[in-house]
Amino acid sequence: MTTIRGTAQRTLAAGIVLALGGCALQAPPAAVAPGAPAQWQASLPHNGKLTDLANWWQGQGDSLLVELITDAQQASPTIAAAGTRIVQARADRIASGARLAPALDATGSVLRTSQQSAQPSGTTSQAALQASWEIDVFGATRATRDAAQERYDSARALWHEARVSVAAEVANQYYALRTCQQLQAVSEQDAVSRRDSARLTQLSAGAGFQPPANAALARASAADGASRAIEQRAACDVNIKALVALSSMPEPTLRQKLAASPFVAPSPVAIAQLPAQTLAQRPDIYSAEREVAAASFEVRGAQAQRYPRLSLAGAIGKGNIRAGGSSITASTWSIGPLAVSLPIFDGGRRLAEVDAATARYAQAVLKYRAGVRQAVREVEEALVNLASTDERSGHAKAALEGYRVSFVATEDRYKNGLASLIELEDARRTRLAAENTALNLERERSAAWVALYRAAGGGWNSSNAIAHNAP
């Protein structure tokens, strides 16, 4: 018994020494500089401070938009798939972490034997606990566990990225529909105006005050206006069906809520911090950074596979033998073997795996930095578009007001016989184009705000979102 106890102590001491040596080899991955510029090159809107974007939709004062986004996020297969990836990543993390601890299995068996001899029949029953442990001397298993943890965090960040993407897609579709409805109202008013002009021209031509050609031109203008109104109404119906598909809200319900809810233009998003601080709010950038860390751990794991492996096993059990009316019970236990596996020749397989892991790490770094550059581009483009719409907005409103006044004056002159029908139609087309330009400019502005919301991360923050909100 003394010899066995001494062997167990020496085995444990050797395992501790090797494990401590392995801990010295493991180090966290080095941080990778994202390469973000020191400041934004485009002008910042309103020179405000960066606000929490997470509640931006609620702050718009448009309850229907919030409802549509909520419904779409619940019905989105993209978000559901991201949630599934989280579950799989969590399972991988748990499995890789479990390999650091000893494995314990329970076994049991019953055997009945009968021999054609003088020996009596017997029953043998056994129950045992068997333990095995691969001691992670050089950190290979720890590297696998840490890589799985990084990918788990990456998967949770991508779940938030999917939610931001769905919210932005719904908002863009919603604002496009609202603009379409405004354009439809303009086209219907224009169609009514053209129809009235055609009616008056027909009466005037019938009385002989105008040539038949003017009546034909007026009728053609009225038909063109009616066609434009029908086309615009169809475009709005298509937009409604797109929203139905995104949100899963029944179309009759959506139409009722659209009719009952006033349109609210999107409010500003203030961005004034440095690019590196703003981009820290993007879940896709955080995810790419976690992928770099995971790839770094995988390099360490591949390197550790080239070193010796140490494993320890043990068992404790109890057995019973019954034969010829007698019963014998015995208990057994064992520690060992303490086995060491030393790789000598593998045809270069382990070295090739290290090279492959190193290449994947380099690819992850390049992908991360490219993602940062793309994120900077998206923010800058949104800022440029916002600045452009700001500068053009005043000119578009002034042009629209002037063309409206000109059309009213030309229409009055036409009714009094002081202007030709061609002049009236030219003024009408110019006014209609100005109306459409002003409305499309507002739509462009809404799209730029949504793009800035998405480019700035949608209010996601790694310090709290990863800990609380992901499934």
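The values are calculated or read from the model by the stated rules, or taken from the named source; none is laboratory data. Computed from a prediction, not measured in an experiment: that's the story for all the values here. Cβ coordinates were reconstructed from backbone atoms using ideal geometry, including for glycine residues, and neighbour counts include every protein chain displayed.
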Margin query: Are there helices (runs of 4 or more DSSP H) fully within segment 219-338 with at least 2 residues that are out of contact with any helix residue (DSSP H, G or I) (no Cβ under 7 Å at 6 or more places or on another chain) and within 30 Å of G59 (Cα to Cα)? List them.
Written below: 251-260, 275-279
Next item on the list: For A205, state whether it is modelled with pLDDT of 90 or more, assigned to a helix (DSSP H, G or I) and hydrophobic (A, V, I, L, M, F, W, C).
Entry: no
Notebook entry, point to check: Name the pairs whose Cβ atoms lie under 6 Å apart, with the first residue in segment 77-96 and at negative phi, the second surrounded by fewer than 16 Cβ atoms within 10 Å (Cβ to Cβ) and outside any helix (DSSP H, G or I), and 6 or more positions between them or separate chains?
Noted result: G83/P471; I86/P471
Check: Does at least one position in segment 145-157 carry a residue that is out of contact with any helix residue (DSSP H, G or I) (no Cβ under 6 Å at 6 or more places or on another chain) and either at pLDDT 90 or above or of a type outside the set (F, W, Y) (or both)?
Finding: no
Notebook entry, point to check: Here are some residues: Q130, Q119. Which one is modelled with pLDDT under 85 and either among the charged types (D, E, K, R) or assigned to a loop (DSSP other than H, G, I, E, B) (or both)?
Noted result: Q119
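Got a sec? Which of T124, T141, T107, T78 is polar (S, T, N, Q), under 29 Å from Y361 (Cβ atoms) and more than 14 Å from the chain's Cα centre (by Cα)?
Numbers: T124 fails: under 29 Å from Y361 (Cβ atoms); T107 fails: under 29 Å from Y361 (Cβ atoms); T78 fails: more than 14 Å from the chain's Cα centre (by Cα).
Unique residue meeting the criteria: T141.
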Notebook entry, point to check: Is segment 382-398 home to any residue that is assigned to a helix (DSSP H, G or I), free of Cβ contacts under 8 Å to residues at least 40 places away in the same chain and under 30 Å from D196 (Cβ atoms)?
Noted result: yes
Item checked: Breaking point among (1) modelled with pLDDT under 80; (2) under 30 Å from A352 (Cα atoms); (3) not basic (K, R), for S267 -> (2)
Next item on the list: Looking only at segment 59-80, decide whether some residue is within 21 Å of D284 (Cβ to Cβ) and either among the hydroxyl-bearing types (S, T, Y) or modelled with pLDDT under 50 (or both).
Entry: yes
Next item on the list: Quick one: in segment 87-116, of everything that is modelled with pLDDT of 80 or more and of a type in the set (K, R), which residue is farthest from T332 (Cα to Cα)?
Entry: R90
